[in-house]
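The values are calculated or read from the model by the stated rules, or taken from the named source; none is laboratory data. Remember, predicted model here, so these are calculated numbers, not experimental data. For neighbour counting, all protein chains shown are included, and Cβ atoms are generated from backbone atoms with ideal geometry for every residue, glycine included. To get the accessible areas, we keep the full protein, side chains included, count just its heavy atoms, and leave off ligands, DNA and RNA. Shrake-Rupley method; radii C 1.70, N 1.55, O 1.52, S 1.80 Å.
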Amino acid sequence: MTRAGFERVYREIFSFWDGIPEEDRDYICRNSDVFTYPKGKNIHDGSECSGVILVHSGSLRLYMMSDEGKEITLYRLHKGDMCMLSASCVINSITFDVFVDAEEDSECYVISGPAFAAAAERNPAVKIFALETAVGRFSDVMWVMQQILFMSMDKRLAIFLSDESARTGSDTVTLTHEQIARYMGSAREVVSRMLKYFANEGIVEVLRGGVTILDKKRLRQLTL
């Protein structure tokens, strides 16, 4: 992509864009690239500063992993969303490992972490934007932790299905039991048992590779 192409995107996303010097805008654009990631590709493994990732198409999943290999999904990113936690060199206070995978075939704009960090050092507005973006995402992380620690499984599953249906605009959630369990930080067997219970109650219909919501009112009641 040309510099002009990157600048069109960044002007819409970065609130600081018009307030920093032309040479820094040019520097950020010159240190940007477009990458296409196939479904299932690991983009960031927590071991290095991969950079600031902007999702142009597709979706990404951010998660943490325990020493035993158990995954907890922190949040997911879709078109127009930005990942700042993959740029630990920009925000030095990020001291935990975050992993990023492509949930589906995805095209992303990636700004070099060191380049964005250098621009942030020269321009306080850039650093403030990075911190505010990270803080906003930490509220999503705390919501996930609150669900895992304090909510029953039926409520967590009802919230997940309701949110996914609202996001896609469809009553059918096209995710396997394994995928749902991974997103929720649970075991597939637990999710399967709960979906079977929902199905017996007439709330959902379990399909091959998906779940159709039959009774939205009762599902919403479970989220309360």
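Measuring between their Cα centroids, the range 166-188 and the range 55-101 lie 18 Å from each other. Here the range 61-114 is described by how far its Cα atoms reach on the three principal axes: 32, 29, 13 Å, from widest to narrowest. What is the helix-to-structure angle for 113-122, meaning the angle in degrees between its Cα long axis and the longest Cα principal axis of the chain, kept from 0 to 90 and rounded to the nearest 10? Value to nearest ten degrees: 60. Spin-label model, LYS39/ARG11: points 7 Å from Cα along the beta carbon direction are separated by 3.6 nm. Would you mind checking the pairs LYS70/LYS196; LYS79/LYS217; LYS196/LYS217; LYS41/LYS70 and listing those with alpha carbons more than 26 angstrom apart? As for pairs spanning more than 26 Å Cα to Cα, those are LYS79/LYS217. Residues in the chain average 51 Å² of solvent-accessible surface per residue, probe 1.4 Å, ligands and nucleic acids excluded.
Rounded, prolate or oblate: which fits the range 126-179 when a ≥ b ≥ c are the square roots of the eigenvalues of the alpha-carbon gyration tensor, with rounded for a/c under 1.5 and prolate only if a/b beats b/c? Please list the in-between numbers first.
On the way: a/c = 3.06, a/b = 1.64, b/c = 1.86.
Here the range 126-179 falls in the oblate category.
If you sort GLU22, GLU12 by accessible surface, 1.4 Å probe, largest first, the order is GLU12, GLU22. The stretch between THR212 and SER192 holds 5.8 nm of extra length on full extension. This uses 0.36 nm per residue minus the Cα-Cα distance. No disulfide-compatible partner, judged by a Cβ distance under 4.7 Å, exists for the following cysteines of the chain: CYS29, CYS83, CYS108. Sorting the segments 50-59, 160-169, 135-144, 96-105 by their mean number of nearby beta carbons within 10 angstrom, highest to lowest, gives 50-59, 96-105, 160-169, 135-144. Can you give the net charge of the other residues whose Cβ lies under 10 Å from the Cβ of THR176, counting K and R as +1 and D and E as -1? Taking every Cβ under 10 Å from that of THR176, the sum is +2. Computed with a 1.4 Å probe over protein heavy atoms only, the accessible area of LEU222 comes to about 50 Å². If you look at the Cα atoms of the range 95-224, you get an Rg and a Dmax of 18.7, 60 Å. Could you work out the pair-distance distribution P(r) of the chain from its alpha-carbon pairs, with 5 angstrom bin width and percents rounded to whole numbers? P(r) over the chain, rounded to whole percents: 1, 6, 13, 17, 16, 14, 11, 8, 6, 4, 2, 0, 0. The mean sequence distance of close C-alpha pairs (under 8 Å, at least 6 residues apart), as a share of the length of the range 52-119, puts its relative contact order at 46 percent. Placing unit charges on the Cβ atoms only, positive for Lys and Arg and negative for Asp and Glu, gives the range 1-117 a dipole magnitude near 240 debye about its Cα centre. Taking amide H atoms as placed 1.01 Å from N in the peptide plane, the amide H of HIS44 lies under 5 Å from those of VAL100, each 5 or more residues away in sequence or on another chain. Rounded, prolate or oblate: which fits the range 166-224 when a ≥ b ≥ c are the square roots of the eigenvalues of the alpha-carbon gyration tensor, with rounded for a/c under 1.5 and prolate only if a/b beats b/c? Rounded. Per-residue SASA remark: LYS39, around 140 Å² accessible (1.4 Å probe; ligands, DNA and RNA not included). Computed from point charges on the beta carbon alone (+1 for Lys and Arg, -1 for Asp and Glu), the dipole magnitude for the range 141-195 about its Cα centre is near 120 Debye.
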